[in-house]
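A short write-up of the structure that comes next.
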Amino acid sequence: MAVRGESLIRALEEWAPPSLAVERDPIGLQVGDPGAEVTGVLVTLDVTEEVVDEALRLGANWIVSHHALIYRPLHHLRGDRPAGRLAAKLLKNGINVYVAHTNLDTAAGGVNDVLAEKLGLENAEVLAPHFRERLKKIVVFVPEDHHMNVLNAMCEAGAGWIGNYSHCTFNSRGTGTFLPREGTNPYIGQQGKLEQVEEVRLETIVPESAQARVVQAMLEAHPYEEVAYDIYPLDLPGRSFGLGRIGRLPEKTRLKDLAERVKQAYGIPALRLVGDPDRPVSTVAVLGGSGGRYARTALERGADVFITGDIDYHTALDALAAGLALIDPGHHVERLVLERVCQILREKWAPPGMKVVPTNVHRDPFQFL
């Protein structure tokens, strides 16, 4: 049975919803047809000609990229220019490109969580929140013999989370009534007779992003032909999402020792350091990509050191004056998320035999001499 691009996109967006992206970030399907069959998936940081050639060798007609192929408005597509040549190669060979950028940075288990995990940061929190998810309460009435089936189906689909507790619900018993009319096929009772059934009122909390998925799971698990349920908006703060993470090292260490740990954990040959190498540090902020603009946020959140890429001269000078140490491991360390993306897709989407692999050809454009 053919697997279409829509299912791949759906799996990616269940993990890293577009709502988590910062405003005007160009994400989503940038080249191709969502209805195209998937023959294989190549995951990359950037889409280059070398990556496209790699996809062709692998027989993968879908590329999942962290950085956008089309970031700024295009004024032309010329075959004698790199952008036009690359677009022509993609279209000619039927290769589709899907982009997950700041939504992947922000998502739980995404870029910034991977970077924090590699350093062993404890009690890591969002550094710079920009999105708070809306919460809903869903109430459904279930016959007692299907109560736990429906409860488990809803919770496995994403309902019932409060902090690190799952399957949080409230259940009360009562009597439901209904009268099946002509044309019905009732699970309980018969047409033309008023029925009274012992039911459970099952209520739980659900994040807005999971609402459709939870409702679908509920309907599939529920035995009734017509399911009675209600959904209420809640005036409660949902989970906070944003860029970067801030946490503590297991034990205080010198800045130069942390820098060596970063090199080893991120697999890089060199980095740039701002601050006294012998300074003790314990609270660390990290933000994948180009995060210099968040140096002030890291300082205000109590970070001793901020780890991010593409730090400019004036940001470094200001941080030094303010007492914030900086470590710049480069932008390319975001590549560490590629295996996580592959893992998620293999576990939650890929059918048996489907190739889902990270690129082996894309490299950091910078070299150290």
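Values in this text are rule-based calculations from the coordinates and carry no lab data. The shown structure was predicted, so the numbers you read here are calculated from the model rather than taken from an experiment. Please note: Cβ atoms are built from the backbone with ideal geometry, for glycine as well, and neighbour counts cover all protein chains shown.
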So what is log10(I(q)/I(0)) for the range 1-157 at q = 0.08, 0.09, 0.14, 0.15 1/Å, when the Debye sum runs over its Cα atoms only? -0.34, -0.42, -0.85, -0.93
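How do the peptides 180-188, 317-325, 211-219 rank, highest first, by the average count of neighbouring beta carbon atoms within 10 Å per residue? Could the numbers behind the result be given before it?
Values: 180-188: 11.9, 317-325: 15.1, 211-219: 17.8.
In decreasing order of mean packing, 180-188, 317-325, 211-219 become 211-219, 317-325, 180-188.
Arranged by the count of other C-beta atoms within 10 angstrom, fewest first, what order do T283, T44, T175, T308 take? Don't jump to the answer; show the numbers that get you there.
Details: T283 16, T44 25, T175 8, T308 29.
The fewest-first ordering by Cβ neighbours comes to T175, T283, T44, T308.
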For the chain, what does the helix formula give at 222 nm: sum of -39500 (n - 2.57) over DSSP H segments with n ≥ 4, over the residue count, nearest 500 deg cm²/dmol? -8500 deg cm²/dmol
Relative contact order of the range 181-291, defined on C-alpha pairs under 8 angstrom at six or more residues apart (%): 25
Could you work out which residue, out of N164, N103, N61, moves most in a Gaussian network model of the chain, that is, has the largest mean-square fluctuation with Cα springs under 10 Å? N164
Between the helical axis of 147-156 and the dominant principal axis of the chain, each derived from Cα atoms, what acute angle in degrees is found, rounded to the nearest 10? 20
Computed on Cα atoms only, the convex hull of the range 178-317 has an orientation-averaged projected area in nm² of 14.8
If each Cα of the chain is one equal point scatterer, what is log10 of I(q)/I(0) from the Debye formula at q = 0.07, 0.08, 0.12, 0.15 Å⁻¹? -0.42, -0.53, -0.99, -1.26
Spherically averaged projected area in nm², based on the convex hull that wraps the Cα atoms of the range 73-152: 12.1
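What number comes out for the charge environment of T315, summing +1 per Lys or Arg and -1 per Asp or Glu over other residues with Cβ under 14 Å away? Intermediate results must be reported in sequence, preceding the final value.
Working: positive: R272, R293, R296; negative: D310, D312, D318, D328.
Summing Lys/Arg as +1 and Asp/Glu as -1 gives -1.
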When the chain is modelled as a GNM with alpha-carbon springs shorter than 10 Å, which of G288, G59, G176 fluctuates the most? G176
Given 5 Å bins starting at zero, what is the percent of C-alpha pairs of the range 134-233 in each, up to the one with the largest pair distance? 2, 14, 24, 23, 16, 11, 7, 3, 1, 0
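Given Cα pairs under 8 Å that are at least 6 residues apart, what percent is the relative contact order of the range 62-114? Intermediate values should be presented prior to the final figure.
Values: 44 pairs, mean separation 24.5, N = 53.
Once divided by the residue count of the range 62-114, the mean separation gives 46 percent.
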Please compute, over every Cα-Cα pair in the range 299-369, the percentage with a separation greater than 13 angstrom. 74
Here the relative contact order (percent) of the chain, from C-alpha pairs under 8 Å and at least 6 apart, is 20
